Structure formats: structure tokens, C-alpha cells
Amino acid sequence: MNKIINLSRRDFLKAGAIAGSSLILGFKIPLSLEADAAEKSTSFVPNAYLKIDEAGMITVLVPQSDMGQGVLTSFPMMVAEELDADWKNVHFEQAPAAKVYTNTIIGMQLTGGSSSVRAFWNPVREAGAAARAMLVEAAAKEWKVDAGSCKTENGAVLHPASKRKANYRELVSKAAALSVPKSIKPKTPENYKILGTPENRLDTPAKVRGRGTFGIDVRQTGMLTAVVARCPVFGGHVADFDATDAKKVAGVRDVLKISDGVAVVADTFFAAQKGREALRVQWEEGPTAGQSTDGIMKSFQEASKQRGVSARNDGDAPGVLEKSGRKIEAVYQLPYLAHANMEPMNCTAYVRSGACEIWAPTQGQTLAQRVASKITGVPEESVVVNTTFLGTGFGRRAEQDFVAESVEISKALHLPVKVIWTREDDMQHDHYRPAVYSYITAALDTKGWPIAWMHRIVAPSIFAAHAAALGMATPTVDRAAVEGSADLPYEIPNLRVEYVRKEPGIPVGFWRSVGHSHNTFVVESFLDEVAAAGKKDPYELRRGLLKKSPRLLDVLDTAAKGAGWTKPLGKGHYRGIAAAEAYGSFVAQVVEIAMEDKKNFRVQRVVCAVDCGQTINPRTIEAQIEGGIVFGLTAALKDAITIDHGRVTQSNFNDYPMLRINEMPVVEVHIAKNHETPGGIGEVGVPTVAPALAGAIYAATGKRIRELPLPA
């Protein structure tokens, strides 16, 4: 998702005619159908990101979905910084779906790829700076002084020479009458007062007090609830069904065939679920019915013997490897993984004559509009998408299956319908992190340094699966499959990365940290093997290969120093180290384990150093790193999605468990302080924890870990 599009600054800041004391935006933002007509015109709305009402309340419209990564706080902090706002008067509001809110990295309004702050860093700050300039101009005109002689502070414009002061609320109507300035210069870092300071999340009070609205909480007048019976085999479809008994269940209102299966619609979720249990469906299971995990991996192994498409080709890795007398090689295998979101998948839709409104915990507002438009015929820009709180996302809520189902059922019934997936529905019909087979080999020189490196990756293609929805051609090399390997930061003169696409028919999607989640485990673990073969310390080997990557080298050194890498550990304690560059950020982790006996260990401590450029909110960074470590350790220690007869064998947290709180290690986070352009933080905590853990296990046992999850 690295498509760059160009939206001019004016696209973000443009404003049109004046109406009363408010500005009418130069673009159409679809609001709730009911709210559209009720939008008040008593606020200062200089751009798509900001409005200030006459009471002085500042509302920042956040176009990205918050899955826990803190954008509902970080975006207001960016605006408030430029606006010199009084932080206690700053609030957030989820922005509607509209082209003006396009994520410039992804090319549509979609949250993913740790791109939120990276994509909106400039336009959001410029929005705050523009509003501040207009408020200053309004005060200067009122006081008949030069705007340059005024300053702003804590939600007010000041004129030091005359000691006059006007709070922003007093200037709202006058500022609304002004034009958006043509030249905007955001602050320089030395003037920051809010950015870089630890702030509590603005969305926490609503969530902990039960006042926040998640998708599962949505209620609409006359709303029905639906559950869907889907074919247990991927790619299968309904051959026939008998709804006689299902319709006898009290509360069941209708049973209808839809694209993904058979929907049972009822007054309540309980009735709908009982109706589904009574439903009799004959499935045409299709060609995937014979698939199994062992068969898939064998097919991957066979595919790895063929030459792949080049994703990176420096020097002559095959030639050097062929002539080398000092060569090592290894095979790594990683399984399919589910997202396992805490909030069940759900979506409410109401399709009426010529209108479609959606309430969903979604990461993909633009994609939801596209899917709904295709089903209903309502123009994309007219489909109203209300983004609720998300009970986590991890990439799962960028998919549109749950949205399509609710829209399709509502269209058939002409009523608001909420589709709810059970945990089992989601576990067995997810879009999974792809299974991956990696063959990797390296040649060493006489001093033990790697001089050639070749990595062949066999995996399904996420981008091919989503090409039509994303409006792109099917790629030859799937970027998601090779990221974390094709962009290897280490200096190795001969380096080749190849991709072999293999499609077993299991749906795949974007999972937290995407390709970095598997490739960083492979390359960092194999780098440890290179270090052992060359009789080098794993940390010192990395240091020697990162001389031209100062920011990555710096976090590596910081993590090693924080963990006391050069100092001896207590008896029975061992550690491993790993580093990675991902989503514009740099991260290194040291994992320390304590052996409880010859086979069992406990993850005792994780020391993480991260450089994500300019810090917005250090509390968010710490929380994201901690959450990423939980996520990465869960994948390393516990989980795999396995396939038998084309079906997922796992069903719930009993057989797809999460890391428990008593298993959580101590986590120390060291944040680099600089003013570089912000990098992503939502996903960089994940990739390095598994290889650092594998390094620690090797140090303890001498056994290389080349498959995940670890055997129980």
C-alpha cells in the first residue's frame, strides 16, 4: 500500500462562500442522512479537519480509524499544536467518508500500513496553522493592528503592545468571514509545546465508562439482526437449503440466500443464531475441499525449487553462492494466522430508495462505499459511512465481506439490518496472514562476513487477492510477500530476493505488520545462523552490517545497552536480539528468557528501542510497542490456523489462544528523540520479537527455531 497520490494543499484547506457566521466548505462531506440538514452554521469551520464553536470548543475531525493506535488523540494534538489551542478544550469527532480525507500513502480513505500520521502529518498541521492565521487576522482587524504584532497562546490571540487579548470563541464569527491564507508554514520543532508530551487518550473516558459506540452497539429503529451460514470450505457455495425449521424459531423474520451463503434474519441475535442452527443447507464444496496444511506446505516446498520473480537483485548472489566453499542454508515455515479481533465482526446497513447508510467498525471507508455502491447502485460518494469505535482491527476490518452482507440483506428487506459474526464465524472465514515457505542461503568470506545472500519466498499474494478492490493491476511481485526481505537494510554485496506465487485457495489479507511479520523472523533468525557460522556475536555482526544505516544502528545499540548485552546474565537466563526497519521507523529488541527446566522457559523481559521520528505522543508509542510485543509473542508461542479438508480446524480462543497477562514479560521501551519526519508505530513492535526470542532459545538450547509457533 505505497501508492502515492497528490492532493494539493488547497484540496485540504479550500473553503467557499460565507453563510451567516460559518464557512460553507468547498467540497461535499456526506453526513448522516438525518444530521445533514441539521448541521449548524454557528461554528468556525475553516477546513475539513477542524471546527471551533462559539463556546470555544475545538473539534478535530479524524479521518482515520482508531484501532488502538491512538489517532483520535494524535491528530487533535497535531492540530492543537499549530493552533496554540487550550488542550482542555480540544475534542475529536470521527470524520465521515469523503474524498477530501484520502490517505495519500494508500490512495483512498483507509487505515493501514501504519500510515495515519505519516500520510496526514502535513495537511493536518497545515489545517491548524491556517485556522490560527485566520483567528489572528480577525483579531488584528478588530484591533486595527498589524497581524504580525500579535501572537497566540493557550486558545487566545494576544497583542502584547496594547495588552489586548481575545479568546478564540470571541473571534469565531469574524474569522469565518476571512479567506484561507495562501501560504501556511507550520511551526518548527523548537516551538512545540504539545507534540512530544505524554497525553492521555481522548477516547479512553468514553470507552471505560461504556459511553462509546462500537459497531456492535449500533441500534436503529426497526433494525433486525442477521447471522449468515457460510460454506465451511473456502470457495464453496450453496447447492440447496431448507428453511422450514429455521422459520419456526420464535423471532426469525426471514431466511434468504445471499452471495456468501444463507442469511437468517430475526428480531434478536439469539433468535437468528437459533434459526441458523435449525437451517439445513447442502453445500457445493468446490475444488478446495481436498486442501490440508500438510498438502499446502508440500506444494510450497515443490514451488521453492523453481526460480522465482526477482524482487531485489544486487551483484551476483547465485554466482557467488555457487563458487563459495563456505555456504549455509535453511528452510523456514510459517503458518496462516487469524486476526482474532476482540469485537465480533459486524455491520449495520440501511438501504432505502436511492440511499444507503452504513454503521461499521471499519478500516476502509472508501472500500465500504465501493462495495455498497456496487450492490445498491447508489453512487459511491453518496453512500454514507458512519465509522464507529473499533474493537481492534489488525487489518481484518479493511476487508468488506461483513459490509457487503449487511448491505445485501438490507437491500432485500428494505429495513436496517445488523449482521453479526460469531467468534467461530470469524475464526473460520477470516482473510488470513498467508502461510509462507522460505528457502534462504548465504555465503561467507574467510573472516565470517556474509558476501552473498539469497532468499526465495513462496506465498500467496495478498495484493493479487485485493487488486480489483484497490483498483490496481495484479502485481508480478507481491510487495506484502517480500517486504522485510527485499528491503533488507544490511550491507551484503550480493543479494537476491525472489518471489514464487502459490495460491492454495485460502483467502489471505493484511495482518498486523504484514510481510514484516514473517520475513523479519526469517532474515533475523538466519542472520543469527550466519553469525554462528562466522563465529561472531549476533549483535556485533549486525553492527558490522549497519554502518550505512545510522538510525537502525542507533536503536540496535540502544536496545543492546538497555538490556546489558555485554554483561553476563544470571544462571538460566538467555537472550536474543533482532532489528528491523519498517513503515518509516526503526526498531530493535532484546528478548530475555529464563529456563524453568531443560525444555520450558519463560519470556522474562523485552527491551525495545524505537526511532519513529518526531514523537507525537510518547504514551501511544509505548502502548503500541507493548501491544505489538503481545501480538508477536502470541504468534510465536501459541497460534496457527490449520486446514483440513478445506476447512479451518480452529474455532475460538480455546484452540487459538492469546498470550495471557501472567505470561506477559517486563517490557522496557526506549524512544529515540529527534525531529525526523514521523514514521509508523502501529506495527513495528511486532516483527522483531519472534526472531529475538528464537535467538534466546538457541542461546539456551543450541536448537534453531525455523517454524512457528513453537511446539507445545
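Of 448, 473, 486, which is farthest along the charge dipole of region 400-501 in the positive direction, counting Lys and Arg as +1 and Asp and Glu as -1 at C-beta?
448
Expressed in nm to one decimal, what extension gain is obtained for the pair residue 301 and residue 474 from 0.36 nm per residue of sequence separation less their Cα-Cα distance?
Working: separation 173, 0.36 × 173 = 62.28 nm, distance 2.37 nm.
Length gained between residue 301 and residue 474: 59.9 nm.
Report the antiparallel proportion of the DSSP beta bridges in the chain as a percent, rounded to a multiple of 5.
The antiparallel fraction comes to roughly 75 percent.
List every residue whose amide H lies under 5 Å from the amide H of residue 436, counting only residues 5 or more places away in sequence or on a different chain, with H placed 1.01 Å from N in the peptide plane.
HN-HN under 5 Å from residue 436: 334.
Got a sec? Charge dipole of region 485-605, +1 on Cβ for Lys and Arg, -1 for Asp and Glu; which of 538, 574, 591 is way out at the positive end?
Most positive-ward Cα: 574.
Please give the charge dipole size of region 141-289, origin at the Cα centre, charges +1 on K and R Cβ atoms and -1 on D and E Cβ atoms. Round to the nearest 20 debye.
1320 debye
State to the nearest 20 debye the size of the charge dipole of region 180-221 about its Cα centre, where the only charges are +1 on K and R beta carbons and -1 on D and E beta carbons. Before the final figure, lay out each step's value.
Working: 9 positive and 4 negative charges, 28 e Å.
In debye, rounded to 20, region 180-221 gives about 140.
Using the structure shown, list the pairs from 447/547; 141/165; 571/598; 305/447; 207/374 with a Cα-Cα distance above 24 Å, or answer none.
Beyond 24 Å: 305/447; 207/374.
May I ask you to derive the relative contact order of region 102-253, considering only C-alpha pairs under 8 Å and at least 6 residues apart, and to give it as an integer percent? If you can, show how the numbers build up before the last one.
Numbers: 91 pairs, mean separation 21.4, N = 152.
Relative contact order of region 102-253: 14 percent.
Could you tell me the relative contact order of region 550-667? Use alpha-carbon pairs under 8 Å, at least six residues apart, and round to a whole percent. Write out the running numbers ahead of the final one.
Details: 151 pairs, mean separation 25.1, N = 118.
RCO, region 550-667: 21 percent.
Helix-derived [θ] at 222 nm for the chain: sum -39500 (n - 2.57) over DSSP H runs of at least 4, divide by residue count, nearest 500? Spell out each step's value before the answer.
Working: 20 runs with 216 residues, N = 712.
Calculated at 222 nm, the ellipticity per residue is -9000 deg cm²/dmol.
For residue 165, tell me the accessible area in Å² from a 1.4 Å probe, rounded to the nearest 10.
130 Å²
Between residue 259 and residue 446, what is the label-point separation in nm under the 7 Å Cα-to-beta-carbon projection?
If labels sit at residue 446 and residue 259, their model points lie 6.5 nm apart.
Give me the aspartates and glutamates in straight-line cross-link reach of residue 257: C-alpha distance below 13 Å, same-chain residues under 8 apart excluded.
The qualifying aspartates and glutamates are 240, 242, 405, 408.
So, R0 is 30 Å and r is the distance between the beta-carbons of residue 503 and residue 342; what FRET efficiency does that work out to, to 0.05?
Numbers: r = 30 Å, r/R0 = 1.01.
E(calc), rounded to 0.05, equals 0.50.
How many nm separate the modelled label positions at residue 141 and residue 284, each set 7 Å beyond the Cα in the direction of the Cβ?
About 6.8 nm, to one decimal.
Quick check: residue separation of residue 316 and residue 187 times 0.36 nm, minus the Cα distance between them. What number comes out in nm? Show your work: numbers first, answer last.
Numbers: separation 129, 0.36 × 129 = 46.44 nm, distance 4.75 nm.
Here the segment from residue 316 to residue 187 would lengthen by 41.7 nm.
Take the alpha carbon gyration tensor of region 186-228, find the square roots of its eigenvalues, order them as a ≥ b ≥ c, and report rounded if a/c is under 1.5; if not, report prolate when a/b exceeds b/c, else oblate. Provide the component values of the computation, followed by the final result.
Details: a/c = 4.57, a/b = 3.07, b/c = 1.49.
It comes out prolate by the Cα gyration axes.
Classify region 413-513 as rounded, prolate or oblate, taking a ≥ b ≥ c as the square roots of the eigenvalues of its Cα gyration tensor: rounded when a/c is under 1.5, otherwise prolate if a/b is larger than b/c and oblate if not. Display every interim value, and only then the final one.
Values: a/c = 3.38, a/b = 2.63, b/c = 1.28.
Here region 413-513 falls in the prolate category.
Given 0.36 nm per residue, what is the gain on full extension from residue 598 to residue 267 after removing their alpha carbon distance, in nm?
Numbers: separation 331, 0.36 × 331 = 119.16 nm, distance 5.62 nm.
Value of the extension gain: 113.5 nm.
Positive end of the charge dipole of the chain (Lys, Arg +1 and Asp, Glu -1 on Cβ, about the Cα centre): tell me which of 61, 296, 332 has its Cα farthest that way.
61
Between residue 710 and residue 211, what FRET efficiency comes out of the Förster formula 1/(1 + (r/R0)^6) with R0 = 56 Å and r the beta carbon distance, rounded to 0.05?
Details: r = 41 Å, r/R0 = 0.74.
Plugging the Cβ-Cβ distance into 1/(1 + (r/R0)^6) gives 0.85.
Take the Cα of residue 292, step 7 Å along the line toward its Cβ, and report every residue of region 331-371 whose backbone nitrogen sits under 19 Å from that point.
Only 334-336 fall inside the zone, counting backbone N under 19 Å.
Per residue, what accessible area does region 557-712 have, given a 1.4 Å probe and all protein chains present, in Å²? It would help to have the intermediate numbers written out before the result.
On the way: 6540 Å² over 156 residues.
Computed with neighbouring chains in place, this is 42 Å² per residue.
Return a whole-number percent for the relative contact order of the chain, with Cα pairs under 8 Å and 6 or more residues apart as the contact set.
On the way: 1651 pairs, mean separation 96.0, N = 712.
The normalised contact order for the chain reaches 13 percent.
Output the peptides 680-691, 150-161, 522-533, 496-507 sorted from most to least packed, where packing is the average of other Cβ atoms within 10 Å over each peptide's residues.
Numbers: 680-691: 29.8, 150-161: 17.1, 522-533: 23.0, 496-507: 20.6.
Result, highest mean first: 680-691, 522-533, 496-507, 150-161.
When the accessible area of the chain is computed with all protein chains present and a 1.4 Å probe, what percentage of it is carbon and sulfur? Provide the component values of the computation, followed by the final result.
Details: 14250 of 28430 Å².
Exposed carbon and sulfur together represent 50 percent of the surface.
Given a 1.4 Å probe, how much area per residue of region 376-475 is accessible, in Å²?
27 Å²
By the gyration tensor of its Cα atoms, with a ≥ b ≥ c the square roots of the eigenvalues, what is the shape of region 552-690: rounded for a/c under 1.5, prolate for a/b over b/c, or oblate? Show your work: numbers first, answer last.
On the way: a/c = 2.34, a/b = 1.29, b/c = 1.82.
It is oblate, given that a/c is not under 1.5 and a/b is not larger than b/c.
Tell me, what is the per residue accessible area of region 207-346 in Å², probe radius 1.4 Å?
Details: 7270 Å² over 140 residues.
On a per-residue basis, region 207-346 sits at 52 Å².
Report, by chain and number, residues whose modeled amide H sits under 5 Å from the one on residue 316, excluding near sequence neighbours (fewer than 5 apart, same chain).
Under 5 Å from the amide H of residue 316 lie the amide H atoms of 495, each far enough along the sequence or on another chain.
Name the long-range amide H neighbours of residue 213: under 5 Å, sequence gap of 5 or more, or other chain; modelled H, no Pro or chain starts.
389
Would you mind getting me the FRET efficiency between residue 653 and residue 414? Use the beta-carbon distance for r and R0 = 41 Å, nearest 0.05.
Values: r = 37 Å, r/R0 = 0.91.
According to the calculation, E is roughly 0.65.
Which value, in debye to the nearest 20, gives the size of the charge dipole of the chain about its Cα centre, when Lys and Arg are +1 and Asp and Glu are -1 at the Cβ?
1260 debye
The values are calculated or read from the model by the stated rules, or taken from the named source; none is laboratory data. Just so it is clear, the structure is predicted and the values come from calculations on it, not from any experiment. Cβ atoms come from the backbone with ideal geometry, glycine included; neighbour counts cover every protein chain shown. For the accessible areas, the whole protein counts, side chains as well, though only heavy atoms, and no ligand, DNA or RNA atoms are used. Shrake-Rupley method; radii C 1.70, N 1.55, O 1.52, S 1.80 Å.
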